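> Mind having a look at this structure? Questions to follow.
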Amino acid sequence: MFLRAALGKKAFKPVLMRLSDLTSLTDYFLVVSARSPKQVKAVAEAVLDEAARHRIPKYSAEGVSQGNWALLDYGDVIVHVFHTPVREFYDLEGLWADAPRETFPDDLASEIKSVQESAEEGEDFEEYFQ
């Protein structure tokens with residue numbers, strides 16, 4: 001549900017890390033990238049809206065308005081929405097290299113591939129960030 005909301009705003013390069021055996025902080029990190037600060041905000045707001053629709057309690061939401069790194073804490077899942085250069089700088093995947101990566105179901109994998117291909121072709125996604 002979190003990923004589908006993010007994909008709706010054309011977030012890309014999703015990674016779902018299972019942390020339950022490594023820390024008591026959370027069970028999962030969902031990390032996605034955005035092409036601009038405006039998109040970071042749009043993706044984060046879409047995730048927040050979708051979670052609210054499903055009545056999933058939010059513990060914290062940080063950095064949404066700044067547009068560099070939004071952290072959305074839902075207890076069992078923490079969603080990180082990064083502007084691409086910020087994601088590369090902080091390298092959460094490297095910091096949590098021991099965390100197993102989850103695979104996505106075929107329907108989500110297809111959506112992920114479609115967004116990635118559109119980005120590589122230079123498609124303008126600005127309309128999705130409103």
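> Could you tell me whether segment 78-98 includes any residue that is assigned to a loop (DSSP other than H, G, I, E, B), of a type in the set (A, V, I, L, M) and modelled with pLDDT of 95 or more?
So in segment 78-98, the residues assigned to a loop (DSSP other than H, G, I, E, B) come out as 91, 96-98.
From the residues that got through so far, the ones that are of a type in the set (A, V, I, L, M) too are 97.
Restricting the remaining residues to those that are modelled with pLDDT of 95 or more gives 97.
Yes, because at least one residue in segment 78-98 is assigned to a loop (DSSP other than H, G, I, E, B), of a type in the set (A, V, I, L, M) and modelled with pLDDT of 95 or more.
> Still on this structure, please answer the following. Note down all Cβ pairs under 6 Å where the first residue falls in segment 61-78 and is in contact (Cβ under 8 Å) with a residue 24 or more places away in the chain and among the small types (Gly, Ala, Ser), the second is surrounded by fewer than 18 Cβ atoms within 10 Å (Cβ to Cβ) and not in a loop (DSSP other than H, G, I, E, B), and they're at least six residues apart or on different chains.
Gly67/Pro37
> Condition check: on the phi < 0 side of the Ramachandran plot, in contact with a Leu (Cβ under 8 Å, 6 or more places away or on another chain) and small (Gly, Ala, Ser). Does Ala52 satisfy that?
No: the conditions fail for Ala52.
> Looking only at segment 39-76, count every residue that is exposed (fewer than 13 other Cβ atoms within 10 Å of the Cβ) and either within 15 Å of Ala5 (Cβ to Cβ) or within 13 Å of the chain's Cα centre (by Cα) (or both) and tell me the total.
Within segment 39-76, residues that are exposed (fewer than 13 other Cβ atoms within 10 Å of the Cβ) and either within 15 Å of Ala5 (Cβ to Cβ) or within 13 Å of the chain's Cα centre (by Cα) (or both) number 5.
The values are calculated or read from the model by the stated rules, or taken from the named source; none is laboratory data. Everything quoted here is computed from the prediction, not taken from an experiment. Note that we place each Cβ from the backbone using ideal geometry, even for glycine, and neighbour counts take in every protein chain shown.
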